[in-house]
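A quick write-up on the structure given underneath.
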Amino acid sequence: MADHRPLVSVVCPAYREQEVLPHFHAELSRVLGPLEVNYQFEILYIDDGSRDQTLEAMKAVAAADGRVRVLSLARNFGKEAALQAGLEHADGELIITMDTDLQHPPELIPQLLEKAKEPVDLVITVRQEYQKPGWFNQIGTQAFYRVMESLSEVEIRRETSDFLLMKRNVADVLMGMQEKHRLMKGLIHWMGFAYLEVPFHVKERTLGQTKFSFLRLMALGKDCLFSFSKKPLTLATTAGLITLLVGLVWAVAALVQIILGNSNWIAHYMIVSSHVLAGAILLAIGILGEYVGRIWEQVRSRPNYLLKYDSHQANHRLAAHQPPHIKVFDTAAPKDQERA
């Protein structure tokens, strides 16, 4: 009886990576080759609505490598949605997620697989001496994690990354969380599964440009804060109390000045108090709006992504000589067609 070779799914989201993708796949194939004695591999490339030739590059790679499956989202839904799509279509007992920009070194995969043999559910990678390019992004990243450390109810470590290995039980639990604002790094820590760490040094990007702008960092920070903490609601209450106390102190000071005959304090009091109160009210409404907006999006139950292309389905249609279609946009078939 042949030894069982576990299936390992390598999930790789990509957005506008046409230049680096062929190089990444060549490097990944070089690393996976010797490992196929003990493992089977499937490689899932997920195109996150790229407007360049990323999807074509993925199709070319899939045509030359039978292990590759290509998924393409209908538009740019974001990295978290692309990761979700990859995890939901992965069949492996072990699942590795990593970026395609070669900053996550494929040569670390043998270490991840070796660590996975121990009684743990996750193997996460930890960046060593990492700095984001550009001083503006560095300041934004440092501010983001300081805020998260003080406000978040879940520890989200700065040095951890989306380059990790999870076992099937972790992926199943993760995919059962149908949140609209996902942050896999936060959810991984929130679940509390046993894990081991593997340190690595981030490689410098040699091809293409980073797509992680300051605005994306701000959006990620908002999702992380409001998805993993109720403290902003408490802060709004605290800010309201402080504003009330400041207003009362200012009112007493204005009253004293009026008694002393200084009528100019009336105008000062009205201007300052109105601005302070308006700012506090708008802040509280804004915080409530963030939470209410997330409740609204969750209640709508729209999918986190729409899939417009799946290479496996395309291959099956080609084999059956069926006309192409997009599964996600299919409507229910009429009953007379179903009977036929």
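Report, by residue number, each residue of segment 163-179 that is at pLDDT below 90 and surrounded by 19 or more Cβ atoms within 10 Å (Cβ to Cβ).
Our first condition is that a residue be at pLDDT below 90; within segment 163-179, this holds for 174-179.
Selection gives Leu174 alone.
If you go through segment 90-119 and pick out every residue that is crowded, with 16+ Cβ neighbours inside 10 Å and touching a helix residue (DSSP H, G or I) at 6+ places or on another chain (Cβ under 9 Å), you end up with 17. When Arg146 is tested against the conditions (1) modelled with pLDDT of 65 or more; (2) in the same structural domain as Leu112 (by TED's automatic domain parsing), the lone failure is (2).
Answer yes or no: is there a residue in segment 71-79 that is under 21 Å from Lys203 (Cβ atoms), crowded, with 20+ Cβ neighbours inside 10 Å and more than 23 Å from the chain's Cα centre (by Cα). Among the residues of segment 71-79, not one is under 21 Å from Lys203 (Cβ atoms), crowded, with 20+ Cβ neighbours inside 10 Å and more than 23 Å from the chain's Cα centre (by Cα), which makes the answer no.
Look at Pro199 and say whether it is at pLDDT 80 or above and either not assigned by TED's automatic domain parsing to the domain that holds Glu88 or not in a strand (DSSP E or B) (or both). Considered against the rule, which asks whether it is at pLDDT 80 or above and either not assigned by TED's automatic domain parsing to the domain that holds Glu88 or not in a strand (DSSP E or B) (or both), Pro199 comes out as no. Of the residues making up segment 261-282, just one is surrounded by 14 or more Cβ atoms within 10 Å (Cβ to Cβ), under 36 Å from the mean Cα position of the chain (by Cα) and modelled with pLDDT under 75, namely Ala280.
The values are calculated or read from the model by the stated rules, or taken from the named source; none is laboratory data. Every value quoted in this text rests on a predicted model; they were computed, and no experiment measured them. Ideal geometry is used to build each Cβ from the backbone, glycine not excepted, and the neighbour counts take in all protein chains shown.
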